[in-house]
Amino acid sequence: MAVYQVDDAFIVYRYAANLARGEGFVFNPGERVEGVTCFLWTVLLALFAAAGQKLPVVAPVLTAAAGCAVVLVLPFVSARLAGRARPDPWDGAAAALLAAHPGFAYWSVGALETVPYALLLVLALRDQVAEQERGSGRRSAGWIGAATLMRPEALLLVPALFLGRVLDGPGRGARGRVRDLLAWSGIVLAFFLPLLAFRRLYFGDWIPNTFYARTGAGWTDTVHDGRVYTLGFLSSLAPGFGYHDTFTGAIGVGILLGIVAFGLPRPRLRSATLLVMALGLAVLLEGGDWMVLFRFWVPGLPVIVLLMVAAARGLAGEVRGLRPYAAVLGVVLVASYLWAGHDARDGPDGLAVNAAGYRFAHDAVADELKGRARPGDAVALMDIGRIGFYTGLRVIDISGLTDREIARAPGGFLHKQYPVERLLAEAPRFFVLVNDFPIDETIMRHPEFVRDYSLVLERNHRFNWTPPESYTLHLYERRQTDSGEPSRSR
């Protein structure tokens with residue numbers, strides 16, 4: 001499935017490349033705005049960039065290594081959750097379900113921090129369960145502490161593991177339990193607080209700029225979007241063989257409610273269940289995102305399949321004759337996930353089709369910009385990743401991810417209600433605008449823009465979709481004056 005890297009991966013690459021060159025943790029040199037939500041992943045990639053490695057090549061290799069690590073460690077975590085030292089076929093089923101799921105398969109080569117973050121969560125859960133068994137240890141705090149450096153919403157997951165320790169240990173006696181909790185919390189804070197201080201001192205804010213860009217529509221709309229996003233993900237858990245509707249969504253909801261009801265009363269499974277619940281809360285508060293195959297839920301997939309297998313094992317042990325049916329259901333789920341993954345990769349609007357669309361549209365626009373641009377030129381656009389990375393031009397991000405003022409404008413992500421006059425006042429030499437997005441359409445219709453800019457190239461990213469659709473990038477350049485200089489909006 002390694003045929004397609006989403007545009008946001010190239011945003012991270014540009015931050016990492018600038019960091020490696022000594023420009024700082026910035027997208028545009030001199031502009032300190034935290035437009036990514038994966039601090040630790042960006043720093044790691046910066047090390048490879050400093051060593052001369054091509055980030056679009058090395059990043060999928062690193063995420064694939066993390067994905068393999070999760071699949072390999074998962075049977076041992078499953079065995080520990082069942083109170084055994086060695087994995088058995090049930091535990092292998094957890095790894096098979098995870099590896100087959102299209103979301104995990106894609107994001108294991110998707111080049112973003114999604115699966116490395118999932119690995120940190122799995123290791124934190126593994127060590128927490130081990131610490132609860134032996135009554136001591138705090139290594140889990142190190143893993144979840146590192147996770148707070150990888151993704152900001154990990155801070156919402158810390159209370160889940162903390163509550164698991166409150167309810168189920170480790171720590172003998174009241175004093176022992178309190179000492180453990182204080183020491184465990186101290187380790188987590190030792191990871192997170194330096195990042196918080198750096199963020200405040202370097203970027204001038206306590207949270208990433210992306211938070212403002214994504215939640216500008218208000219909490220009601222954000223939670224609604226998160227709920228719809230979650231229902232889509234839960235539908236992917238059902239045996240739908242690539243088909244998703246209300247029925248498969250209901251099955252997915254049933255799976256989630258079932259594993260929560262099964263896991264919460266059981267001490268060995270309680271921390272895992274709390275982790276899934278906390279991740280669900282984080283997705284609701286973030287509103288999901290636009291990327292393929294449910295990126296925000298993928299870090300919870302390993303824990304979800306662990307609970308699915310634990311519940312199936314428990315029911316098979318309690319109900320005579322249920323084991324063969326559980327095995328058949330497991331095979332059906334694996335087959336369904338593999339079928340859905342094939343559709344996601346090679347379907348009429350799948351990953352391979354989108355990869356060709358990026359080459360045809362975004363890369364063509366980047367090449368045209370490189371041929372036309374001069375030092376000091378700027379381009380205003382929404383899809384800032386690939387074009388920004390390959391051109392190196394100063395970018396005005398009209399979606400707000402890397403622009404503090406636009407991020408705080410009213411409106412949800414990709415629907416910012418930002419005054420066009422302010423964008424035109426900056427007089428970027430180029431605009432790249434996409435049809436059917438409100439701010440892009442508003443710019444294209446604005447009288448000053450029509451007067452001062454000319455269309456020089458348009459390419460439809462979805463030129464090869466079935467049925468045909470339009471996601472057309474329009475490259476505009478500011479018109480020349482009589483003196484030969486580009487005109488400026490007045």
The condition from (1) within 19 Å of the chain's Cα centre (by Cα); (2) surrounded by 17 or more Cβ atoms within 10 Å (Cβ to Cβ); (3) not hydroxyl-bearing (S, T, Y) that V228 misses is numbered (2)
Per the filter on the range 209-237, residues in contact with a Phe, Trp or Tyr (Cβ under 8 Å, 6 or more places away or on another chain) and closer than 17 Å to V332 by Cα are S236
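Could you check, for the range 198-205, whether at least one of its residues is more than 27 Å from G411 (Cα to Cα), among the basic types (K, R) and either part of a helix (DSSP H, G or I) or not assigned by TED's automatic domain parsing to the domain that holds R268 (or both)? Explain how you work it out, then say what you get.
Going residue by residue through the range 198-205, those that are more than 27 Å from G411 (Cα to Cα) are 198, 201.
Subsequent filtering for residues that are among the basic types (K, R) retains none.
No, every residue in the range 198-205 fails to be more than 27 Å from G411 (Cα to Cα), among the basic types (K, R) and either part of a helix (DSSP H, G or I) or not assigned by TED's automatic domain parsing to the domain that holds R268 (or both).
When you scan the range 119-143, how many residues do you find that are hydrophobic (A, V, I, L, M, F, W, C) and in contact with a Phe, Trp or Tyr (Cβ under 8 Å, 6 or more places away or on another chain)?
Residues of the range 119-143 hydrophobic (A, V, I, L, M, F, W, C): 119-125, 129-130, 141, 143.
Filter once more, keeping what is in contact with a Phe, Trp or Tyr (Cβ under 8 Å, 6 or more places away or on another chain): 120-121, 123-124, 141.
The qualifying residues number 5.
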Residue pairs within 9 Å by beta carbon, gap of at least six or interchain, first lying in the range 203-232 and at pLDDT below 85, second aliphatic (A, V, I, L, M) and not in a loop (DSSP other than H, G, I, E, B), listed first then second, are R214/A407; T215/L285; G216/A407; W219/L285
Note: among K416, K370, just one is charged (D, E, K, R), touching a helix residue (DSSP H, G or I) at 6+ places or on another chain (Cβ under 9 Å) and modelled with pLDDT under 90, namely K416
Of the listed residues (R451, R462), the one being of a type in the set (D, E, K, R), within 28 Å of G376 (Cα to Cα) and modelled with pLDDT of 90 or more is R451
Can you confirm whether G67 is at pLDDT below 95, under 15 Å from the mean Cα position of the chain (by Cα) and small (G, A, S)?
no
Practice task
Answer yes or no as to whether D127 is on the phi < 0 side of the Ramachandran plot, of a type in the set (D, E, K, R) and modelled with pLDDT under 95.
Solution key: no
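Considering only the range 470-490, state which residues are at pLDDT 90 or above and surrounded by 14 or more Cβ atoms within 10 Å (Cβ to Cβ). Reasoning before the result, please.
Kept after step one, since they are at pLDDT 90 or above, are these residues of the range 470-490: 470-479.
Within the range 470-490, Y471, T472, L473, H474, L475, Y476, E477, R478 qualify.
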Within the range 329-373, residues in contact with a strand residue (DSSP E or B) (Cβ under 9 Å, 6 or more places away or on another chain) and farther than 13 Å from N460 by Cα come out as E368, L369, R372, A373
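Results for (1) buried (at least 20 other Cβ atoms within 10 Å of the Cβ); (2) in a helix (DSSP H, G or I); (3) assigned by TED's automatic domain parsing to the domain that holds F191; (4) without any contact (Cβ under 8 Å) to a residue 60 or more places away in the chain, shown as yes or no for each residue.
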{"position": "W90", "(1), (2), (3), (4)": "yes, yes, yes, no"}
{"position": "F104", "(1), (2), (3), (4)": "yes, yes, yes, no"}
{"position": "L112", "(1), (2), (3), (4)": "yes, no, yes, no"}
{"position": "L121", "(1), (2), (3), (4)": "yes, yes, yes, no"}
{"position": "A124", "(1), (2), (3), (4)": "yes, yes, yes, yes"}
{"position": "E131", "(1), (2), (3), (4)": "yes, yes, yes, yes"}
{"position": "S140", "(1), (2), (3), (4)": "yes, yes, yes, yes"}
{"position": "F162", "(1), (2), (3), (4)": "no, yes, yes, yes"}
{"position": "G171", "(1), (2), (3), (4)": "yes, no, yes, yes"}
Of the listed residues (F162, F104, F192), the one being over 23 Å from L301 (Cα atoms) and at pLDDT 95 or above is F192
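Without any contact (Cβ under 8 Å) to a residue 60 or more places away in the chain, surrounded by 18 or more Cβ atoms within 10 Å (Cβ to Cβ) and in the same structural domain as V331 (by TED's automatic domain parsing): does that describe L45? Show your work before the answer.
Numbers: without any contact (Cβ under 8 Å) to a residue 60 or more places away in the chain: yes; surrounded by 18 or more Cβ atoms within 10 Å (Cβ to Cβ): yes; in the same structural domain as V331 (by TED's automatic domain parsing): yes.
Yes: the conditions hold for L45.
Taking the range 20-41 on its own, how many of its residues are under 22 Å from P116 (Cα atoms), without any contact (Cβ under 8 Å) to a residue 40 or more places away in the chain and part of a loop (DSSP other than H, G, I, E, B)?
Initial filter on the range 20-41 (under 22 Å from P116 (Cα atoms)): 20, 25, 34-41.
From the residues that got through so far, the ones that are without any contact (Cβ under 8 Å) to a residue 40 or more places away in the chain too are 20.
Keeping just the survivors that are part of a loop (DSSP other than H, G, I, E, B) gives none.
Matching residues across the range 20-41 total 0.
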Within the range 422-473, of all residues that are aliphatic (A, V, I, L, M), in a helix (DSSP H, G or I) and touching a residue at least 12 places away in the same chain (Cβ under 8 Å), the one farthest from G347 (Cα to Cα) is A425
Just one listed residue, out of A272, A282, is touching a residue at least 60 places away in the same chain (Cβ under 8 Å), of a type in the set (A, V, I, L, M) and under 21 Å from G330 (Cβ atoms), and it is A272
Within the range 257-279, residues surrounded by fewer than 21 Cβ atoms within 10 Å (Cβ to Cβ) and closer than 19 Å to A238 by Cβ come out as L257, G258, V260, A261, F262
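The values are calculated or read from the model by the stated rules, or taken from the named source; none is laboratory data. Please read all numbers here as calculations on a predicted model, not as lab measurements. Positions of Cβ are backbone-derived with ideal geometry, glycine not excepted, and every protein chain shown enters the neighbour counts.
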